[in-house]
1. From the residues in segment 312-329 that are aliphatic (A, V, I, L, M) and buried (at least 23 other Cβ atoms within 10 Å of the Cβ), which one is nearest to V133 (Cα to Cα)?
2. If you check R241, R231, which single one turns out to be modelled with pLDDT of 95 or more and either surrounded by fewer than 20 Cβ atoms within 10 Å (Cβ to Cβ) or not assigned by the TED database to the domain that holds T177 (or both)?
3. Looking only at residues that are within 18 Å of D62 (Cβ to Cβ) and open to solvent by 70 Å² or more (accessible area, probe 1.4 Å) in segment 13-45, which one is modelled with the lowest pLDDT?
4. Can you name every residue in segment 277-300 that is under 11 Å from G207 (Cβ atoms) and without any contact (Cβ under 8 Å) to a residue 24 or more places away in the chain?
5. Need at least 2 residues that are of a type in the set (A, V, I, L, M, F, W, C) and surrounded by fewer than 24 Cβ atoms within 10 Å (Cβ to Cβ) per element, so show me which strands (runs of 3 or more DSSP E) inside segment 114-227 make the cut, counting only ones lying wholly within it.
6. Just give me the residues in segment 43-73 being under 23 Å from A96 (Cα atoms) and either among the acidic types (D, E) or without any contact (Cβ under 8 Å) to a residue 24 or more places away in the chain (or both), in sequence order.
7. Are any of the residues in segment 324-331 touching a Phe, Trp or Tyr at 6+ places or on another chain (Cβ under 8 Å) and more than 16 Å from V206 (Cβ to Cβ)?
8. Give the residues of segment 212-240 that are of a type in the set (S, T, Y) and over 19 Å from R307 (Cβ atoms), sorted by residue number.
Amino acid sequence: MTTTIGLVVNPAAGRDIRRLTGGASVSNNYAKRRTAGCVLAGLTLVDDVEVLVMPDSTGLADRIVDDAPADVDVEFVEMTVTASGRDSRAAAAHFADHADAVVVLGGDGTTRDVAQTIGDVPVVSISTGTNNVVPTPVDGTVAGAAAALVGSGAVSAAAATTRHGTVEVDVVRSEETTVIRGLATVGVLDRPFVGTRAILDPSDIVGGVVSRSSPAEIGLSGIAGGLVTHRPDEPGGVGFRLARDGGDGTDAPDAADAATGPATAVRAITVPGRLSTVDVVEHRVLDDGEDYAFEVDRGVISVDGEREHEVRNGTVRLRPVTDGPRLVDVEAVLERAADDGRFRLG
């Protein structure tokens, strides 16, 4: 039986302004091409595998297909290329119906786009982006082998994947409600317009909700992680707000939830290459589906490290929801395969 693997390689990932202003690593298209080639090599761990590749407008996917091993059947997904996040969502929607597992090369934004339409198909996410809270640095060959083992059923997806949480957002204005979805983090920023998509200045952050938190992570999840650790497969999440203009948190939408007493200074890695101190006036572990609200006169919603949506005179309600993608634990897959003798010959 043929095992079908989807491959998403985002040529725009890992190329934002944080390369110029901070210590973020660079992931150019040559590096992505080499990583994708390693993924294809790793897929040959199982017999009879085919790969469906998301096309792009840069020629990167064409080179990946041209370089594919002779014993791997590689084809493009038939879709319209828009050079935007819609491409990842369209490819993932196709994979939801036609793939046994998916490998994604990108950052948090690319993984979020895939997660929106991938359904229950297992996802191996390789870090080639900026914040990289969700994707992890892993050799492409190892990632490809894990995808092949899960996709072929050699290792049970139920035993080797975890359901990652997400964050839902309702932006409520007098006449309309806009719904936004994030994967790991959604923040409210004190900015008049979107402008440069990357978050560069931690003083812009009003607060937010994260589906995971750890001091080992970068950005909003790292801020929350300085106070409480929340695993990505745990239900719920963490909501927090920062001091503004020396405030003590008493301007929170619900006075009963407002912090009392002084703010807590937290050290966090807010962007690559920058360790910042922020003043947290409130933080709360949230149940699955529990709202955490901000009244916004003027601001911007950030989603997984990028400014996405401008808000004027509205209420922003954020809530963690346990309905995200099934992410493959690469190490667990390979260890289980070894225990089952999958790497032994004879």
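1. Per the stated criteria, the residue is L327.
2. Values: R241 fails: either surrounded by fewer than 20 Cβ atoms within 10 Å (Cβ to Cβ) or not assigned by the TED database to the domain that holds T177 (or both).
Matching residue, one of R241, R231: R231.
3. So, considering only residues that are within 18 Å of D62 (Cβ to Cβ) and open to solvent by 70 Å² or more (accessible area, probe 1.4 Å), the one modelled with the lowest pLDDT is N28.
4. none
5. On the way: elements: 123-127, 161-163, 166-172, 177-182, 185-189, 205-210.
Where strands (runs of 3 or more DSSP E) fall fully within segment 114-227 and carry at least 2 residues being of a type in the set (A, V, I, L, M, F, W, C) and surrounded by fewer than 24 Cβ atoms within 10 Å (Cβ to Cβ), they are 166-172, 177-182.
6. D47, D48, E50, D56, D62, V65, D73
7. Taking segment 324-331 and keeping what is touching a Phe, Trp or Tyr at 6+ places or on another chain (Cβ under 8 Å), we get none.
Within segment 324-331, none of the residues are touching a Phe, Trp or Tyr at 6+ places or on another chain (Cβ under 8 Å) and more than 16 Å from V206 (Cβ to Cβ).
8. In the first step, residues of segment 212-240 are kept if they are of a type in the set (S, T, Y); the result is 213-214, 221, 229.
Within segment 212-240, S213, S214, T229 qualify.
The values are calculated or read from the model by the stated rules, or taken from the named source; none is laboratory data. This structure is a prediction, so every number in the text was calculated from the model and none was measured. Cβ sites come from the backbone with ideal geometry, for glycine too, and all protein chains shown count toward neighbours. These area figures cover heavy atoms from the full protein model, side chains too; ligands, DNA and RNA do not enter into them. Shrake-Rupley method; radii C 1.70, N 1.55, O 1.52, S 1.80 Å.
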